[in-house]
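Student: Can you read through this structure? Questions will come right after.
The values are calculated or read from the model by the stated rules, or taken from the named source; none is laboratory data. This one's a predicted model, so the numbers in the text were calculated from it and none came from an experiment. Quick reminder, even Gly has a Cβ in these numbers, built from the backbone with ideal geometry, and neighbours come from all protein chains shown.
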Amino acid sequence: MEARALKRYVGSSPRKMRLVVDLVRNKRVDEAIGILKYANKSAAKVVELTLLSAYSNLINKAEAGRIGQNEAYVKEIYVNEGPSMKRVLPAPQGRAFRIRKRSSHLTVIVSQFEDNSNKPK
């Protein structure tokens, strides 16, 4: 079983977000939260909150009830480019330079570990 969470229009560039996202890919949820809590990047807080949201969605989806954080893992996590705000910076001699303030969309998919002991042989 898997669940996902989306965080759209994050005010950080996709390149900076991917540095943080690559740290937690294919890790257990409890291990990933520990990594993000002490990561020295501002995007880590956004990724942590989105990961907790995906984990919460997984718990709500499960019929069995409670799923421990060590029983779930980050199946997929990726960052896509969002819209860019265009701004103008005045430059010398009457020119203007364009500044693009980039945003990003974060997607986190959390899955429960499959238990092979219950499968028929």
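Student: Just checking, how many residues over the range 1-42 are more than 26 Å from Met85 (Cα to Cα), part of a helix (DSSP H, G or I) and not hydrophobic (A, V, I, L, M, F, W, C)?
Tutor: 4
Student: Determine whether Lys45 is under 17 Å from the mean Cα position of the chain (by Cα) and surrounded by fewer than 17 Cβ atoms within 10 Å (Cβ to Cβ).
Tutor: Yes; evaluated as a whole, the condition is true for this residue.
Student: Of the residues in the range 49-81, how many are under 9 Å from the mean Cα position of the chain (by Cα), surrounded by fewer than 19 Cβ atoms within 10 Å (Cβ to Cβ) and part of a helix (DSSP H, G or I)?
Tutor: Of the residues in that region, 1 qualify.
Student: Cβ-Cβ under 8 Å, sequence separation 6+ or interchain: first residue in the range 62-87 and under 16 Å from Leu6 (Cα atoms), partner part of a strand (DSSP E or B) and of a type in the set (Gly, Ala, Ser). Which pairs?
Tutor: Lys75/Ser111; Val79/Ser104; Asn80/Ser104; Glu81/Ser104; Gly82/Ser104
Student: Within the range 82-114, which residues are surrounded by 11 or more Cβ atoms within 10 Å (Cβ to Cβ), assigned to a loop (DSSP other than H, G, I, E, B) and either touching a strand residue (DSSP E or B) at 6+ places or on another chain (Cβ under 6 Å) or β-branched (Val, Ile, Thr) (or both)?
Tutor: Gly82, Ser84, Ser103
Student: Kindly indicate whether Lys45 is modelled with pLDDT of 95 or more, assigned to a helix (DSSP H, G or I) and in contact with a helix residue (DSSP H, G or I) (Cβ under 7 Å, 6 or more places away or on another chain).
Tutor: no
Student: Can you tell which of Val20, Val10 is surrounded by 15 or more Cβ atoms within 10 Å (Cβ to Cβ), free of Cβ contacts under 8 Å to residues at least 60 places away in the same chain, farther than 12 Å from Ile109 by Cα and of a type in the set (Val, Ile, Thr)?
Tutor: Val20
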